[in-house]
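Data first, discussion second: the structure below is written as structure tokens.
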Amino acid sequence: MKKFILIVFIIITSLLSGFLLGKFINRDNDIIQSAINPEETIEESVEVKDSIDENANEILKTMSLEEKIGQMFLIRCNEYTAIDDINEYSVSGFILFDENIDGENKESLSSTINTYQANSPIKLFIAIDEEGGTVNRLSWYSEFRSVPFYSPQELYNEGGYPLIITDTKEKATLLKSIGINMNLAPVADISTDPNDYIYPRTFGKSAEETAEYIKTVVKTMKENNIGSTLKHFPGYGNNLDTHSGISIDNRSYESFLNNDFIPFKAGVGAGADSILVSHNIINSIDENLPASLSKKVHDVIRNELNFNGVIMTDDLQMSAIKDYIGEVNSAIFAVNSGNDLIISSDYEVQIPSIIEAVNNGDIKEEVVDEAVLRVLKLKLKLGII
């Protein structure tokens, strides 16, 4: 009897071992096959993309012209008129500046942002310039961080790419905990000359090294699901500050191809969500219009960089634009040149001017629709809507 039980035990054990071994082999084969032939993963990505495209188109169908044009405006947040601006203009979102943060803490600012979102039928971009170094909005204030975020150069010098990755994660976590879903960063401009206006905000190294920095930051931001913005296309170089006046760039197109475009291409390859265009006049591309208002420059972004995401202007209130072309005309040029988002402090004038321009045929409604679709897709991709 004992011998019989032993024989049965051996048979069952063998069968069970064979079954488990088969499971492990099949599992390993599945893993190997997935690595060799990753169509299944790609198909899932395509399904997600198709779902986003479908949802964006469905939302667009429900929108009035006024709502669509409002979705093209990322405006400077005025705490006294913010709710009215949402209700009257259907704005796409707010950019927070010092006046929105000074005197606040994490809880109070988060509550304010939640109020804005609750009042907006299409949820808002809440954006900020938290580059690190000389441009920080939030971390200047000890209520949000004990010390301001370091500049890219400081981070790299202290801890290389591991510290840059850690810093990017911490920024994303802090911003998202308050309700900020887009950081207007990283700076993809190249500068190695401390005398350049843009130098303190850059990585301070060559095109290839800057490209590696941009790729690292964008990838980390993507992993942490916060919107990223490459700026300031096509690259400041050693040009003047366009906050205070027009700046004309006389460099050859080849110099952009072989230098300034390289970090932007790296950012696009890493999955950057948006590109912000500067107000410099780039003579080798368009000698008549600032880059932010030039269709030729936007064609370079779409065709040379193969970028399909959101393109936005720098603030049209900056002197380089305001003094050069005026508030109303600049907004119309911005739409017709191919911008999807207009950063604006003069939206009360510019939004009605674009509505009028569409109604009288100066702007085609299809152009507006294409821009708004990109905006909606980004909001869906980031989980804002």
> For ASP299, are the conditions met, namely being under 22 Å from TYR236 (Cα atoms), charged (D, E, K, R) and part of a loop (DSSP other than H, G, I, E, B)?
Replying inline: no
> Taking the stated definitions as given, is PHE125 under 19 Å from the mean Cα position of the chain (by Cα), surrounded by 23 or more Cβ atoms within 10 Å (Cβ to Cβ) and aromatic (Phe, Trp, Tyr)?
Replying inline: yes
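Here are some residues: ALA185, ALA118, ALA172. Which one is surrounded by fewer than 14 Cβ atoms within 10 Å (Cβ to Cβ) and either aliphatic (A, V, I, L, M) or touching a Cys at 6+ places or on another chain (Cβ under 9 Å) (or both)?
Details: ALA185 fails: surrounded by fewer than 14 Cβ atoms within 10 Å (Cβ to Cβ); ALA172 fails: surrounded by fewer than 14 Cβ atoms within 10 Å (Cβ to Cβ).
Of the residues listed, the single one that is surrounded by fewer than 14 Cβ atoms within 10 Å (Cβ to Cβ) and either aliphatic (A, V, I, L, M) or touching a Cys at 6+ places or on another chain (Cβ under 9 Å) (or both) is ALA118.
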>> Could you check region 202-252 and list, in sequence order, the residues that are more than 20 Å from LEU184 (Cβ to Cβ) and either assigned to a helix (DSSP H, G or I) or outside the structural domain of LEU289 (by TED's automatic domain parsing) (or both)?
In response: ALA207, GLU208, GLU209, GLU212
> Does region 33-45 contain at least one residue that is closer than 30 Å to LYS379 by Cβ, in a helix (DSSP H, G or I), among the aliphatic types (A, V, I, L, M) and modelled with pLDDT under 95?
Replying inline: yes
> So is SER255 within 24 Å of SER337 (Cβ to Cβ), at pLDDT 95 or above, of a type in the set (Ser, Thr, Tyr) and outside any loop (DSSP other than H, G, I, E, B) or not?
Replying inline: yes
>> I need a count of the residues in region 143-161 that are farther than 30 Å from SER108 by Cα and surrounded by fewer than 18 Cβ atoms within 10 Å (Cβ to Cβ).
In response: 6
> Yes or no: SER337 of a type in the set (Gly, Ala, Ser), without any contact (Cβ under 8 Å) to a residue 60 or more places away in the chain and crowded, with 24+ Cβ neighbours inside 10 Å?
Replying inline: no
> Looking at region 356-379, which of its residues are buried (at least 18 other Cβ atoms within 10 Å of the Cβ) and among the hydrophobic types (A, V, I, L, M, F, W, C)?
Replying inline: ALA357, VAL358, ILE363, VAL368, ALA371, VAL372, LEU373, VAL375, LEU376, LEU378
>> I'd like the full set of residues that are surrounded by 16 or more Cβ atoms within 10 Å (Cβ to Cβ), basic (Lys, Arg) and either within 15 Å of VAL372 (Cα to Cα) or without any contact (Cβ under 8 Å) to a residue 40 or more places away in the chain (or both), limited to region 41-95.
In response: LYS68
> Which of the residues that make up region 104-157 are charged (D, E, K, R) and touching a helix residue (DSSP H, G or I) at 6+ places or on another chain (Cβ under 8 Å)?
Replying inline: GLU104, LYS106, LYS123, GLU130, GLU131, ARG137, GLU143, ARG145
> Looking at region 274-287, which of its residues are in contact with a helix residue (DSSP H, G or I) (Cβ under 9 Å, 6 or more places away or on another chain) and surrounded by fewer than 22 Cβ atoms within 10 Å (Cβ to Cβ)?
Replying inline: SER284, ILE285, ASP286
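Could you list all residues from region 211-235 that are in contact with a Phe, Trp or Tyr (Cβ under 9 Å, 6 or more places away or on another chain), within 29 Å of LYS379 (Cβ to Cβ) and without any contact (Cβ under 8 Å) to a residue 60 or more places away in the chain?
Of everything in region 211-235, those that are in contact with a Phe, Trp or Tyr (Cβ under 9 Å, 6 or more places away or on another chain), within 29 Å of LYS379 (Cβ to Cβ) and without any contact (Cβ under 8 Å) to a residue 60 or more places away in the chain turn out to be ALA211, ILE214, THR216, LEU230, GLY235.
The values are calculated or read from the model by the stated rules, or taken from the named source; none is laboratory data. Note that the structure is a prediction, hence the values are computed from the model and not measured. Don't worry about glycine lacking a Cβ; one is built from the backbone with ideal geometry, like all the others, and counts go over all protein chains shown.
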